[in-house]
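We did not get these values from a lab; they are worked out from the coordinates using the rules stated. Remember, it's a predicted structure, so these values are computed and weren't measured experimentally. All Cβ positions, even for glycine, are placed from backbone atoms using ideal geometry, and neighbour counts span all protein chains on display.
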Amino acid sequence: MLNLTKLSKNILAKKWLIIVLVCLGTLFFGNELKKLQIDADIVRSLPDDDVDARLLKKIGENFGSNNMGVIILETDNIYQPSVIEHIQLITDTLSGISGISSVSSLTNIINIKGSDYGIEIGKLVDEYELPKTALEFEKLRNNILNNPMYKGSIVSEDETASLIVFNIENEANVNLIAKEVIEKTTTLQIPEKLYYIGSPMLVTYISDLMRKDLTTLLPIAFLVIAIVLLLSFRSLTGVILPLLIAVISIVWSLGSMAFLGIKMSMISNNIPIIILAIGSAYTIHVINRVNKVRLEEQHSDTIKTALVYVLIPIILAALTTIIGFISFIFGSYLDMIVDFGIFTALGTLFACLLSIFFVPAILSVFNLKNKTSKAPKDDSFITNYLLNPLHQLIANKPKAVLLFWIVLIGFSVFHLFSIKRSVDIQEYFKSDNPTRFAEQIMVEKFGGTKPIFVYFKGNMQSPAVLKKMLETSAYMEESPEVYTSMSIAKLIDEINYNFTNSRTFPQEIEQIEQLWFLLDGNEVLPRFVNEELTEGIIISKFKSPDNKSKIEFAKYMNRFIAENSTEECQIQITGMPFVDITMDQSLINSQIGSIAIAVFFVIVLVGAILRSLKSGIFAAIPIIATIILLFGFMGLTGISLNIATVLVASVALGIGIDYAIHIISHFKASFKKNNDVYAAVQESIFVSGKAIIINVVSVSAGFLVLVFSDMVPLQYFGLLIALSMVSSCLGALTLLPSLLILMNKKNSQNEN
Amino acid sequence: MKIKQFLVFLFFSTLIYGPIQAQNAETLLQNMDFLIAAPKDKEANVLMIIKDKNGTIKEREANLKQKGKYKKLYRYTKPEKQAGIATLSLPNNVIWLYMPAFGKAIRISLLSKSQAFNGTDFSQEDMSGIPYSERYNPVLISEKNDPNYQLALSPKSKKSKYSKIILTMDKTNYYPIKMEYYEKGDKLIKIANYNYQKQGAYWFAKEVEMTTVLKKHATTIVLSDVKFDQGLSDAIFTIENLKLEN
């Protein structure tokens, strides 16, 4: 068994060593922090053990589909001289950016078409003599309408939008190039509206939002927590120490990420604020207890005595929080969530260790006794206006309190089943974000943005394989969710038509090999087939963000693939709609899995340390109630379960359980000493309750800062965590004490 | 008085020296055109080595027959999948493509000069065969003591992809050594390095390497078994012959 007195004594005896080690660690991790990189690419975070995700990644790497950016030019009518000039200007500007391998637009796209005497190979628009007259525009319009290759890729059917598509080289810095694209096209100051979309642009947008959040929200959260702490402790030590511990924990955990070469994702972007909120909590408990001991017991070795009291609750609280975060590792679909779980857990561990080693060392070295002499008195606002009425209510009407909670839980259970799920990346952006408009234009005018790839393995010059590709395209385009598709088979079919003036697909492999001559060296080729001509893809887009449509489409396509895939022509399908289906399902699995794991381990751990399984179960009750309330609130308000909000329950469990642990451990000690249930409850509420309230207010305030985030799921994340904190605090201060009174009344000296 | 005389001299010198410079540059470019188009006809095996930025190499081989400036017949021999494909270029930008698997020739109208020539780094404009002096206005930019001539060529037509070409020319024989192609904004886009050799009475480009700077993509064209003035018949450069010779 841990000898708390000895440990506390040792901590104080080796205070200088602790301080030096912490300083060295901070210097090391602080230096590592410089290497930390941001990676907002969701595709890279997809797991390799999922067939759809693996294939999607492979296609992204081999066919460059991850590196395709799109500029949408929107105006009242594309077929105007000035608009065509501006499209050419943008095309030329993009072509001049180093790292962009190809640009395709209305003004440079190759046009192969049959004529009376043969084939005309040229550009759709003469780059040196852009169309000016109505007749020239009519000719251009007809060329576009009559060529199936341009459907959904160049000019929208309502003729108000045109696409400029560019590809970024594999080894290029996507973020830098995407920024250069925005910067250079913006400085052109053309009157038409420009929107940017496609993976490189989205990833860059999200990275920027992440940076903005980090640089603006973190200082605000810092300030808010500082104010709450100042109001609560009314001492500089009470403000500086918790924040110092939080900052060191942040530096250490992010430094570890950088040290291990793990990049910051749009989920781990939350880590600093979470650690800031949690990391300060353990120090608050230490300071609170030191103040309490100093005030009541007048010990000469105040810090040591206080440490003996708080060591177990703090370690227990940290372990349970860590369990909450670690639970993400199991059953989570995205690697970024696993990383988030690991490094937030690590940050929590650092905060715990620092608060029990470093904080006492600092308090002792700097002899902060006098400076903290203005410790809050028992007649403080929290005690008089919150804890006292609460205690009166619980002591007098424990059954009524219990009934209130039962009604509240029942109401939440009723709404729990209406929770929506969403895996749409667009939900990351606020409704007024230009990306949302871009997405809308793409869906309405160009058949969507979610890429679908049908992957073929076989001889890409075999007539049988190419015909199967055409059949697959035709079948796919029959779905209302697919507007158009493009493949090497369609290109060959079109060239063959122009060459032979017949829609009969070539029967001989030699014919296809020779038609290929016209495509050799074309920049578009690597987007459809690999170098060895053994793999090829059909590229398409999916319209609906709706999950049901995705599931139906997956069934529709899988049926076709099962019937048509052969050894010589192996067919597979993937794309974001398919990944979304798995991700959506994983949200439920991950949620249930992580909560079940966390609850189980919390009960076992608390039960083991407090040497009572009953205590473990009791500690879990307020937090289980909180989780039900949380889901009820989400169902009632329509806040969807997504890759950010799926984290809330386990995070809330990990942090919220601490309140119950503090109450229950305090209650146990007091009840053991006095055998008076009412006195034990009163002492628990008045002593631990105060620290809990300070902690809830500071943690919630910290998380509420996320409401100002530029990323919508993070706003909800902040709001829901704050709500859970308040709820678990109320659970620990009302539901749990009521239960403790009702369960222990008979064994108490004082039954009234 | 002496100063006045000097100023008058300077004024007239400027008036006269400018046209002399232009005329010199024009003559130099015409000399180069004359050297390139000197043989009455030419036959050679052409090896095209296309290298991408990853170092992946693709090779093509063709037999080239050329008569005058504008009649060119390429019959491809490698890769084997495309063996027998032939392109016949005739004056006035007329190109015929023959594909043996279809047994027919079809006329291709190349509407864009900036388009790549058969997947190489050369554009149709680079391979057109039209004399440089007809397409560009030259200005001599090299100094008297420079080892080679250097000319800045600006396109006569606005339908050129290039804004200028800096041509380095051999001082003795007037063959090109290097050409740097620039586009709008004086941005260097391509570099061609020539290796000229003399065979009999004629100089010819034994090897030309064209590099696309931004894409780090390069094509080398190597000529072998070069024969000049064999008296190639006009009948070779006909559509009927495209099918017959296969």
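The largest-to-smallest principal axis extents of the Cα set in segment A:61-203 are 46, 35, 26 Å.
Computed from the alpha carbon atoms alone, the convex hull of segment B:2-244 holds 155 Å³ per residue. Computed from the Cβ-Cβ distance with R0 of 25 Å, the FRET efficiency linking A:Thr215 to A:Ser431 stands at 0.60. Counting Cβ atoms of other protein chains within 10 Å of each residue's Cβ and taking the mean over peptide B:76-84 gives 3.
Taking DSSP loops as anything outside H, G, I, E and B, show the longest stretch in chain A free of chymotrypsin sites (Phe, Trp or Tyr not before Pro) there with at most 15 other beta carbons within 10 Å. Answer from the scan: A:418-752.
Take every Cα pair under 8 Å whose residues are at least 6 apart in sequence, average their separation, divide by the length of segment B:2-244, and the relative contact order is 21 percent. With a 10 Å cut-off around each Cβ of A:585-595, the average count of Cβ atoms from other chains is 0.
The charge dipole of the protein assembly as shown, taken about its Cα centre with unit charges on the Cβ atoms of Lys, Arg (+1), Asp and Glu (-1) only, comes to about 3360 debye. Report the relative contact order of segment A:643-701, percent, no decimals, based on alpha-carbon pairs under 8 angstrom and at least 6 residues apart. After rounding, I find 27 percent. Here the simple spin-label model places points 7 Å from the Cα toward Cβ, and for A:Lys14 and A:Phe505 these points are separated by 7.4 nm.
Pairs with C-alpha atoms separated by more than 32 Å, drawn from the list A:Lys35/A:Lys420; B:Lys78/B:Lys227; B:Lys71/B:Lys158, are A:Lys35/A:Lys420. Averaged over the residues of peptide A:508-521, the number of Cβ atoms from other protein chains lying within 10 Å of each residue's Cβ is 6.
If one computes the Cα centroid of segment A:1-72 and of segment A:239-279, what distance in Å separates the two points? If you average the Cα positions of each part, the centres end up 10 Å apart. Principal-axis analysis of the Cα atoms of chain A puts helix A:434-446 at an angle of about 40° to the longest axis. When exposed loop sites are taken as trypsin sites (Lys or Arg not before Pro) in a DSSP loop with at most 15 other Cβ atoms within 10 Å, the longest stretch of chain B clear of them is B:70-143. Both radii are taken from the alpha-carbon atoms of the protein assembly as shown; with Rh as the Kirkwood radius, Rg/Rh is 1.13. Computed from the Cβ-Cβ distance with R0 of 45 Å, the FRET efficiency linking A:Thr26 to A:Ile592 stands at 0.70. Taking 7 Å steps out from each Cα toward its Cβ at A:Phe414 and B:Gln197 produces label points 9.4 nm apart.
Paramagnetic label reach from A:Lys193 (point 7 Å along Cα→Cβ; backbone nitrogen cut-off under 17 Å): within segment A:148-185, residues A:156-164.
Rounded to the nearest 20, the size of the Cβ-charge dipole of segment A:630-752 about its Cα centre is 360 debye, with Lys and Arg at +1 and Asp and Glu at -1. With a Förster radius of 35 Å applied to the C-beta separation of B:Ser163 and B:Asn63, the computed FRET efficiency comes to 0.45. Annotation note: GluC sites (Glu not before Pro) in segment A:540-623 located in DSSP loop regions with a Cβ neighbour count of at most 12 within 10 Å are A:Glu567, A:Glu568.
Remark: segment A:449-580 is approximated by an ellipsoid whose semi-axes, taken from the C-alpha gyration tensor as √(5λ), come to 27, 15, 14 Å, largest first.
You can think of it this way: the chain between B:Lys156 and B:Leu90 has 21.5 nm of extra reach, that is 0.36 nm per residue less the Cα-Cα gap.
When +1 charges are put on Lys and Arg Cβ atoms and -1 charges on Asp and Glu Cβ atoms, the dipole computed for segment A:61-203 relative to its Cα centre reaches about 120 debye.
For chain A, the longest principal axis of the Cα atoms and the long axis of helix A:712-730 meet at an angle of about 20 degrees. Just round it to a whole percent: the fraction of Cα-Cα distances in segment A:487-526 exceeding 12 Å. That fraction is 56 percent. Among the GluC sites (Glu not before Pro) in segment A:61-139, those located in a DSSP loop and surrounded by at most 16 other Cβ atoms within 10 Å of their own Cβ are A:Glu129. Normalised by the number of residues in segment B:48-175, the mean separation of alpha-carbon contacts (under 8 Å, six or more apart) gives a relative contact order of 12 percent. Here is the list for segment A:453-531: trypsin sites (Lys or Arg not before Pro) lying in DSSP coil, each with at most 12 other C-beta atoms within 10 angstrom of its C-beta, are A:Arg503. Could you give the angle, 0 to 90 degrees to the nearest 10, between helix B:2-36's Cα long axis and the longest principal axis of the Cα atoms of chain B? Value to nearest ten degrees: 10.
Spacing of the modelled spin labels on B:Ser128 and A:Lys672, each 7 Å from Cα toward Cβ, amounts to 9.6 nm. For the pair A:Asn62 and A:Glu471 in one chain, pulling the backbone fully straight at 0.36 nm per residue adds 144.9 nm over the alpha carbon distance. The 3J(HN,Hα) values that the Karplus relation (6.51, -1.76, 1.60; θ = phi - 60°) gives for segment A:385-392 are, in residue order, 9, 10, 6, 4, x, 4, 4, 4 Hz. Gly and Pro appear as x.
By the beta-carbon count within 10 Å of each Cβ, the least crowded to most crowded order of A:His415, A:His662, A:His86, fewest first, is A:His415, A:His86, A:His662. Residues within the reach of a label modelled at A:Gln585 (point 7 angstrom out along Cα to beta-carbon, backbone nitrogen below 16 Å), restricted to segment A:326-352, are A:331-334.
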